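The values are calculated or read from the model by the stated rules, or taken from the named source; none is laboratory data. Being a predicted model, the structure only gives us computed values, none of them experimental. Cβ: placed from backbone, ideal geometry, glycine included. Neighbour counts: every protein chain shown.
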Amino acid sequence: MSFIDEVLQQPAYGWKNEKGELVKPTLRELFSEMFSRINIFSTRKNWISVMSLLMSVCLLPFFILFIFYFFSIKLLIVFIIYSMIIMSTHGTIWFHRYCTHKAYTFSHRIWRFLVQNLVIKTFPEELYVVSHHVHHVKSDQPGDPYNSQAGLMYCMLAEVNHQSIARDLSEKDYNKAAHFIRHSGVHINSYTQYLKWGSIASPAYTIMLWLTNWIFWYGIFYLIGGNALACTFFSATLFWTVFVRAFNYTGHGSGKKKHVDGIDFDRSNLSINQTRPGLFSGEWHNNHHLFPVSARAGFLPYQLDLAWIFIYCMYKIGVVSSYHDSKKEFLRKYQHHKTIYKVNQ
């Protein structure tokens, strides 16, 4: 088996059956896997799955306070803008285009740190980045950690069930996995530490960054608008964490072929260009699968790309030193022809 087939911890139900077909676990199997992955008493190596889930759970009290004590139309507008646009766009800028695909580079590590923490922190980079590399290699195939063909809950629980790295990697393969996130500034475990903790990221660094980020942002929002505004922003963050997991399902046609001629040019997988994620966060997903290392994914005239606009503005003021833009290549290969090209078909 190749490195990419083994880098993630395989769930108990497996990626595929004896015939090589995708395993579609039952809801009971999915939750059984989740509880086994967050059992910190069985092994300390479950710490990163526990922490990722705990970050979401800790946002719940803010949401309850927002709904029952602080709710107003004005705060609802703030809630929608922060969750649907700001958090979504930052996710595209940081986790997707920088941490995973290295579509641009920062001129100094201080700018990298500031961009990393521009919003309320939600989950560790490691869980997103390594699994997303696997997703691109094995899109909609067995082994894709959020294969939409296995159902909505398969994707919703993927962060805990499917996105942790394997615990028995060789030192060579561990270094390959660590290379995926080394540029992001995350503190990397040595191989000996990996064998102890089962993760690339240092637990102390990850937990300290989380707590520092939350204390800073709650303090800022409290100074601006008190507990009401702070709870609104933290509630919006919870909404986004749920929403982004659902996107792994809907962004690939909910497991069905929903490509539209003239819009979705990559037919090698089920990814589609959706209007709402595209306009709100620059997540033109089918375009992204065509050119994953591009800092821009909005290639057609109507495809507003807020993430690209932010990256380009950072470049103009010197925060970003270089970027890769595939728009000209896209237009040359696809839009300048009357035929709808189907990649790998």
Quiz item: Looking at region 93-107, is at least one residue on the phi > 0 side of the Ramachandran plot and basic (K, R)?
Solution: yes
Exercise. Please work out which residue is nearest to D140 (Cα to Cα), limiting yourself to region 271-287 and to residues that are in contact (Cβ under 8 Å) with a residue 40 or more places away in the chain and in contact with a Gly (Cβ under 9 Å, 6 or more places away or on another chain).
Key: S271
Quiz item: Within the bounds of region 330-344, is there any residue that is in a loop (DSSP other than H, G, I, E, B), more than 20 Å from I86 (Cα to Cα) and at pLDDT 90 or above?
Solution: no
Quiz item: For region 154-212, what are the residues that are farther than 23 Å from L53 by Cβ and of a type in the set (K, R)?
Solution: K172, K176, R182
Quiz item: Does at least one position in region 147-169 carry a residue that is more than 26 Å from S32 (Cα to Cα) and out of contact with any strand residue (DSSP E or B) (no Cβ under 6 Å at 6 or more places or on another chain)?
Solution: no
Quiz item: Which one is surrounded by the most Cβ atoms within 10 Å (Cβ to Cβ) among residues in region 280-318 that are polar (S, T, N, Q) and assigned to a helix (DSSP H, G or I)?
Solution: N287
Quiz item: Consider V244 against the criteria (1) at pLDDT below 90; (2) surrounded by fewer than 20 Cβ atoms within 10 Å (Cβ to Cβ): it satisfies all of them except one. Which criterion is unmet?
Solution: (2)
Quiz item: If we scan region 17-25, do we find a residue that is within 21 Å of D168 (Cα to Cα), assigned to a loop (DSSP other than H, G, I, E, B) and within 25 Å of the chain's Cα centre (by Cα)?
Solution: no
Quiz item: Does D266 meet the test of being touching a Leu at 6+ places or on another chain (Cβ under 6 Å), assigned to a loop (DSSP other than H, G, I, E, B) and among the acidic types (D, E)?
Solution: yes
Quiz item: Taking region 22-49 as the region of interest, how many residues are more than 17 Å from T206 (Cβ to Cβ) and among the aliphatic types (A, V, I, L, M)?
Solution: 5
Quiz item: Quick check, is N17 polar (S, T, N, Q), out of contact with any strand residue (DSSP E or B) (no Cβ under 9 Å at 6 or more places or on another chain), surrounded by 12 or more Cβ atoms within 10 Å (Cβ to Cβ) and modelled with pLDDT of 95 or more?
Solution: no
Exercise. Give me the pairs, please: first residue somewhere in region 56-80 and more than 13 Å from L238 (Cβ to Cβ), second residue anywhere and among the hydroxyl-bearing types (S, T, Y) and part of a helix (DSSP H, G or I), beta-carbon distance under 7 Å, and either six or more positions apart or on two chains.
Key: F70/T232; L75/T232; V78/T232
Quiz item: Somewhere in region 147-163, is a residue closer than 25 Å to W197 by Cα, modelled with pLDDT of 95 or more and acidic (D, E)?
Solution: no
Exercise. List every residue pair whose Cβ atoms lie under 8 Å apart, where the two residues are 6 or more positions apart in sequence or sit on different chains, the first residue falls within region 136-164 and is on the phi > 0 side of the Ramachandran plot, and the second residue, located anywhere, is assigned to a loop (DSSP other than H, G, I, E, B) and surrounded by 19 or more Cβ atoms within 10 Å (Cβ to Cβ).
Key: D140/N147; D140/H252; D140/N269; D140/L270; G143/W15
